[in-house]
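Presented below is the structure to which this report refers.
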Amino acid sequence: MSTTTLDSMDAILFSLGRSFCTPFAVFVQIQGCVICLLLALGWLMAAYVRNREIKRIKSSMKAGNSLAFLYQDINELEHSRQAKLPRVSVVMPLKGFGEHNLHNWRSQITSLYGGPLEFLFVLESTEDPAYHAVSRLLSTHQDHVEAKVVIAGLATTCSQKIHNQLIGVEKMHKDTKYVLFLDDDVSLHPGTIGALTSEMEKNPEIFIQTGYPLDLPSGTLGSYCIYEYHMPCSMGFATGGTTFFLWGGCMMMHADDFRQDRYGVVSGLRDGGYSDDMTLAALAGAHKRLITSPPVAVFPHPLATDLSFGRYWNYLRKQTFVLESYISKVNWIMNKALFAVHCYLSWGFVAPYIMAVIHITSALRIYFKGYHQFEDTTFASSGMSLVILLAICTFIELLSMWNLTRREVTLCNLLSPEAPRLTLAPYNWGLIFIAMLVDNFLYPISAFRSHFSQSINWSGIRYHLRNGKVFKIERRNDMVPAKTDLGGKHLYGKKGASQKASFLSSLGRNLAHWRQPKKFDV
């Protein structure tokens, strides 16, 4: 059946289809394909680094070293060498208590590091639900682990996390050579502390050693958006050596850098610091100090089973907000450049898929309504060629992402042989594709929201920035969320307000807050 005239809807659709075949529109769609291929290449290189470490461990095990997950050279386990290992203090700022915390804490305090080791769990107050949970855990390991709970009090000049970290540093042992900052929402491998310390001993020029989490999605769209958000950054940590990236969830540093405030690490964090990793990375860049990420520094990061889309949005808001903090003019310029590039690439990634929907819809309408007899419908074939190209590039990108995730899952299983086995089976790659589009579409919105608001609600505390630094801190009961974003941790029992609102409601309140920042909460 054919028709001689186009109805209004088809006319608009075909007009869009033709406009999407103009040189500029074709450039946008080709650009989207290039972005996909560049991501695929980055993940391929990261997978190569992880796989090289996997082969090294397996080769060592075949050669008779059953403890290759701890040391490449089994002679390192000799008592004479273990007795010379330096003292390490592990500082963990805690906030709230959730479903994965006990497992993560156990993995941290049961480290097989052979040298002197102490753990400092630092909390804001004894009212935090984590206080009683971690106290009970430490009481069951008091004969085997050197650990204590430290009450830091309220932060007044910086974020609460940074305040807790600095208080932990003040309380560490006087003989500590290295301090390791860990987040409480990642699972540590038995040999992680030893591997990090070994690299620090080999190269005293290292300023900070870091690692990165391997997100374990719980099945919700929000958890897949978190996974997709972290994956592009993961290639910057899988270098097997020098990197410009820094993750605050795992940072090993020289204790004397804090004792002597070298490079302004203490003052830079204490005096208005909002983000620990962004501040320290800026200091490293300013003083040309070395940041490294060993190939074994990848940590399982289980996400909350009830991680909603609204909580993902809150997390994204906090991640984009860090670009508003800075310590110098150069740091400000770099953050703004990163802001602009990330926003451009995010929407540059999404735009071709929107165009692809129009191309496919136009082609289907032409086929089913018989419009193919008209000359002005020839644009559909060009459009479908672009769609096919985009589909191929998308498949290559997802395949590369799957490959890197597979390598990191294998590596984590080798590094923690006694832990429950990780598997790729729960990963839903259809949802991951949707998460890619959703996350990249929302990132610029969140980034602009952060730029114009200059304030953020982080676990019930609102921080206000001025000239890149925290200058005002608000605490009110009605600002405390029911749970934290990623780990689903309870912050103050029933003290926090329930957050059952939908994502659209949350986004609406955020837009209102944009205009009246003192009236609403994020």
Residue by residue through segment 60-95, note down the ones that are in a loop (DSSP other than H, G, I, E, B), closer than 25 Å to A147 by Cα and touching an Asp or Glu at 6+ places or on another chain (Cβ under 9 Å). L70, L85, P86, R87, L94, K95
Condition first: among the aliphatic types (A, V, I, L, M), within 22 Å of the chain's Cα centre (by Cα) and either open to solvent by less than 30 Å² (accessible area, probe 1.4 Å) or closer than 27 Å to I354 by Cα (or both). Now tell me which residues in segment 45-57 satisfy that. A46, A47, V49
Give me the residue from segment 181-206 that is among the β-branched types (V, I, T) and more than 22 Å from the chain's Cα centre (by Cα) and, out of that set, farthest from L246 (Cα to Cα). T197
Filter result for the condition that a residue is surrounded by fewer than 19 Cβ atoms within 10 Å (Cβ to Cβ), modelled with pLDDT under 95, of a type outside the set (V, I, T) and under 21 Å from the mean Cα position of the chain (by Cα), over P426, P420: P426
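To keep it simple, each residue is scored yes or no on (1) under 24 Å from E474 (Cβ atoms); (2) modelled with pLDDT of 95 or more; (3) open to solvent by 20 Å² or more (accessible area, probe 1.4 Å).
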{"site": "L94", "(1), (2), (3)": "yes, no, no"}
{"site": "L120", "(1), (2), (3)": "no, yes, no"}
{"site": "R136", "(1), (2), (3)": "no, no, yes"}
{"site": "Q142", "(1), (2), (3)": "no, no, yes"}
List the number of the failed condition for K472; all other conditions in (1) of a type in the set (D, E, K, R); (2) more than 23 Å from the chain's Cα centre (by Cα); (3) modelled with pLDDT of 90 or more; (4) in a loop (DSSP other than H, G, I, E, B) hold. (4)
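Residue by residue, here is whether (1) assigned to a loop (DSSP other than H, G, I, E, B); (2) under 21 Å from G211 (Cβ atoms); (3) open to solvent by 30 Å² or more (accessible area, probe 1.4 Å) holds:
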{"residue": "L269", "(1), (2), (3)": "no, yes, no"}
{"residue": "G285", "(1), (2), (3)": "no, yes, yes"}
{"residue": "P300", "(1), (2), (3)": "no, yes, no"}
{"residue": "T305", "(1), (2), (3)": "yes, no, yes"}
{"residue": "L316", "(1), (2), (3)": "no, no, no"}
{"residue": "F321", "(1), (2), (3)": "no, no, no"}
{"residue": "Y326", "(1), (2), (3)": "yes, no, yes"}
{"residue": "H342", "(1), (2), (3)": "no, no, yes"}
{"residue": "I360", "(1), (2), (3)": "no, no, yes"}
S382 vs. criteria assigned to a helix (DSSP H, G or I), at pLDDT 70 or above and more than 28 Å from D439 (Cβ to Cβ): yes
Exclusive hit being closer than 17 Å to T197 by Cβ and either in contact (Cβ under 8 Å) with a residue 24 or more places away in the chain or not in a loop (DSSP other than H, G, I, E, B) (or both), set E99, E127, E118: E118
Evaluate the following for D257: is it farther than 20 Å from A155 by Cβ, among the charged types (D, E, K, R) and open to solvent by less than 30 Å² (accessible area, probe 1.4 Å)? yes
Within segment 158-192, track down each residue that is closer than 26 Å to P300 by Cα, assigned to a loop (DSSP other than H, G, I, E, B) and either without any contact (Cβ under 8 Å) to a residue 24 or more places away in the chain or open to solvent by 20 Å² or more (accessible area, probe 1.4 Å) (or both). D183, D185, P190
Would segment 124-131 turn up any residue that is open to solvent by 30 Å² or more (accessible area, probe 1.4 Å) and acidic (D, E)? yes
Listed residues A195, A155, A147; which is among the hydrophobic types (A, V, I, L, M, F, W, C) and part of a strand (DSSP E or B)? A147
Yes or no: segment 312-331 includes at least one residue that is in contact with a Ser or Thr (Cβ under 7 Å, 6 or more places away or on another chain), of a type outside the set (D, E) and free of Cβ contacts under 8 Å to residues at least 60 places away in the same chain. yes
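For every residue, the table says whether it meets (1) touching a strand residue (DSSP E or B) at 6+ places or on another chain (Cβ under 8 Å); (2) modelled with pLDDT of 95 or more; (3) surrounded by 15 or more Cβ atoms within 10 Å (Cβ to Cβ).
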{"position": "M1", "(1), (2), (3)": "no, no, no"}
{"position": "L6", "(1), (2), (3)": "no, no, yes"}
{"position": "D10", "(1), (2), (3)": "no, no, yes"}
{"position": "F14", "(1), (2), (3)": "no, no, yes"}
{"position": "F20", "(1), (2), (3)": "no, no, yes"}
{"position": "P23", "(1), (2), (3)": "no, no, no"}
{"position": "L41", "(1), (2), (3)": "no, yes, no"}
{"position": "S59", "(1), (2), (3)": "no, no, no"}
{"position": "L67", "(1), (2), (3)": "no, no, yes"}
Is there a residue in segment 216-237 that is surrounded by fewer than 23 Cβ atoms within 10 Å (Cβ to Cβ), among the aliphatic types (A, V, I, L, M), modelled with pLDDT under 95 and not in a helix (DSSP H, G or I)? yes
Matching option when the condition is within 24 Å of the chain's Cα centre (by Cα) and among the small types (G, A, S), among S107, S80: S107
Go over the candidates L437, L504, L486, L431 one by one and state the one that is modelled with pLDDT under 90, farther than 29 Å from L123 by Cβ and either of a type outside the set (S, T, Y) or not in a loop (DSSP other than H, G, I, E, B) (or both). L504
Kindly indicate whether any position in segment 199-212 is part of a loop (DSSP other than H, G, I, E, B), among the acidic types (D, E) and touching a helix residue (DSSP H, G or I) at 6+ places or on another chain (Cβ under 7 Å). no
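The values are calculated or read from the model by the stated rules, or taken from the named source; none is laboratory data. Please read all numbers here as calculations on a predicted model, not as lab measurements. Note that each Cβ is placed from the backbone with ideal geometry, even for glycine, and that neighbours are counted across all protein chains shown. Accessible surface areas use protein heavy atoms only, side chains included; no ligands, DNA or RNA. Shrake-Rupley method; radii C 1.70, N 1.55, O 1.52, S 1.80 Å.
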